[in-house]
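*Asks:* Let me begin by handing over the structure; questions about it come next.
Taken together, the values in this text are just the output of simple stated rules run on the coordinates, not laboratory data. These figures come from a predicted structure and were not determined experimentally. Cβ placement follows ideal geometry from the backbone for every residue including glycine, while neighbour counts extend to all protein chains displayed.
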Amino acid sequence: MAELLRLPAEKLFQEELEILKKEEKGSIPEGWLLSPKSVYTFIAGGTAGKKEIAPKYIGNKRLIEMAIATLVTDRALLLIGEPGTAKSTLSELLAAGIHGDSGKIIQGTAGTTEEQIRYSWNYAMLLANGPSRQALVKSPVFRAMETGSIARFEEISRCSSEVQDALISILSEKSMTIPELGEEISAVRGFSIIGTANTRDRGVNEMSSALKRRFNILVLPTPGNIETEMDIVRKRVGELSAQFRLQAELPSEELVEKVVTIFRELRAGMTMDRKEKLKSPSGVISTAEAISLLTNSMALAGSFGTGQISEKDVAAGLQGTVVKDEEKDSIVWKEYLENVMKKRGTEWRKLYNACSEMNGR
């Protein structure tokens, strides 16, 4: 049997979920697999019996508690933040810990339709026999309502206003009408929606105040300090390395620190010592981009190098990560190389030379 490229959280951490369920001592809300405290342990880390539960979300622990507390009630949850703040990861972990099923997903795009939120029809069966339950194609939200589970709506703000508004009645009434069948579906207890929205996407459609009122909104901040961001990068790069079986050593502490420093400075428009203002590139320089850069550098080193990440491996990815708009960003990147990186002395010399070579000098 072919190996799956990516396992959902409930499969990837199945052993931990089973142990947490076995060792459960708290009160379990109706329709949940675990108590709120056990869901928190699953996400934030801790112990269950003699088993050590690994932390899966590195960030403000209070936000995890607030997210779980929201889902105990009949309120939907909206996670807002810049790219790379682990909105989708937290959404998936919450659904996996609460219901053991993170797979009821709608991916919001400009092409998402109202039918993808509510229901559509198998048109061959519809033409043959008319409207019927058998011809009904249920959306992830529909299936979550029927089973009392969580539907995940990624990037809500990328959908048109008309599509967003289809959620209002569902979240208000906890029901869905099917006029063609003369039926109304009421949600089973435990149903909720976890949405995510990107604050930096230029293609967003602002959510209406009516829709926002149906959610409890949590803002996931970017990592507050370099140590936290480095922890996130190291953890995720290690996971991806194992997942893809990359034939390379993990990046050194020094290299991780340099990459995270570059990203934080370009993102903030200021050097770490706050002594020099910088221009920021047009694209998003997020933690997720740093993770992708180092993972790709490992792939380069393992496939075409010695298995140890070199400055040239990192420079190759940095160029493409920063320079999204050739005309503007190439100037921003060149100024950063000459005015910041070049002046940092011997420790940065190899990376500066490799980046300068990629930049066409």
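*Asks:* Could you pull out every residue, at least 5 positions away or on a different chain, whose amide H is within less than 5 Å of the one on residue 48? Hs are placed 1.01 Å off N in the peptide plane, and Pro or chain starts have none.
*Replies:* The list, which skips near neighbours in sequence, is 53.
*Asks:* Looking at segment 9-219 only, what percent of DSSP beta bridges run antiparallel? Nearest 5 please.
*Replies:* Here the antiparallel bridges make up roughly 35 percent for segment 9-219.
*Asks:* Between residue 134 and residue 66, what is the label-to-label distance in nm when each label sits 7 Å out along the Cα-to-Cβ direction?
*Replies:* My value for the distance between the label points is 5.0 nm.
*Asks:* Another question, then. How much FRET efficiency would the formula 1/(1 + (r/R0)^6) give for residue 184 and residue 143, where r is the Cβ-Cβ distance and R0 is 22 Å, rounded to 0.05?
*Replies:* The computed FRET efficiency comes out at 0.85.
*Asks:* Next question. Have a look at the DSSP beta bridges in the chain and tell me what percent are antiparallel, nearest 5.
*Replies:* 40 percent
*Asks:* Relative to the longest principal axis of the chain, what angle (0 to 90°, nearest 10) does the C-alpha long axis of helix 311-322 take?
*Replies:* Roughly 50 degrees between the two axes.
*Asks:* Next up: With a cap of 12 neighbouring Cβ atoms within 10 Å, and only residues DSSP puts in a loop, list the trypsin sites (Lys or Arg not before Pro) found in segment 1-41.
*Replies:* Those satisfying the criteria are 6, 25.
*Asks:* Answer with a single label: of (i) 32, 58, 10, 0; (ii) 26, 50, 23, 2; (iii) 28, 59, 13, 0, which was calculated as P(r) over Cα pairs in 20 Å bins from 0, in percent from the structure in view?
*Replies:* Structure-derived value, by its label: (ii).
*Asks:* For the residues 346, 73, 295, what sequence is obtained by ranking on other C-beta atoms within 10 Å, fewest first?
*Replies:* Sorted ascending by nearby Cβ count, the order is 346, 73, 295.
*Asks:* On to the next question. List the pair-distance distribution P(r) of segment 30-106, using every Cα-Cα distance, as the percent of pairs falling in each 5 Å bin from 0 up to the bin containing the longest distance, rounded to whole percents.
*Replies:* The distribution over segment 30-106 is 3, 15, 28, 28, 17, 7, 2, 0, given as percents.
*Asks:* Per the Kirkwood formula on distinct C-alpha pairs, the Rh of segment 265-361 is how many angstrom?
*Replies:* 13.9 Å
*Asks:* Moving on. Looking at segment 1-100, which GluC sites (Glu not before Pro) are DSSP coil and have at most 13 other C-beta atoms within 10 Å of their C-beta?
*Replies:* Here the sparse-neighbourhood loop sites are 3, 30.
*Asks:* Once every DSSP H run of n ≥ 4 in the chain is given -39500 (n - 2.57) and the sum is divided by its residues, what mean residue ellipticity at 222 nm do you get, rounded to the nearest 500 deg cm²/dmol?
*Replies:* It lands at -14000 deg cm²/dmol.
*Asks:* A further question follows. Between residue 210 and residue 347, what length comes free when the chain is fully extended (0.36 nm per residue of separation minus the Cα-Cα distance, one decimal in nm)?
*Replies:* 44.0 nm
*Asks:* Among 39, 54, 100, which residue has its Cα furthest toward the positive end of the charge dipole of segment 9-219, with +1 on Lys/Arg Cβ and -1 on Asp/Glu Cβ?
*Replies:* 54
*Asks:* Could you state the number of Å between the C-alpha centres of segment 269-311 and segment 213-254?
*Replies:* Distance between centres, Cα-based: 13 Å.
*Asks:* With just the Cα atoms defining each centre, how far is segment 144-199 from segment 11-87? Give it in Å.
*Replies:* 23 Å
*Asks:* Say each of residue 250 and residue 160 gets a label point 7 Å from the Cα, pointing the same way as Cα to Cβ; how far apart are those two points in nm?
*Replies:* Distance between label points: 4.7 nm.
*Asks:* Give the span of segment 9-219's Cα atoms along each principal axis, as three whole-Å numbers ordered largest to smallest.
*Replies:* 58, 39, 27
*Asks:* May I pose another question? Going highest first, how would you order 269-275, 181-187 by mean Cβ packing within 10 Å?
*Replies:* 181-187, 269-275
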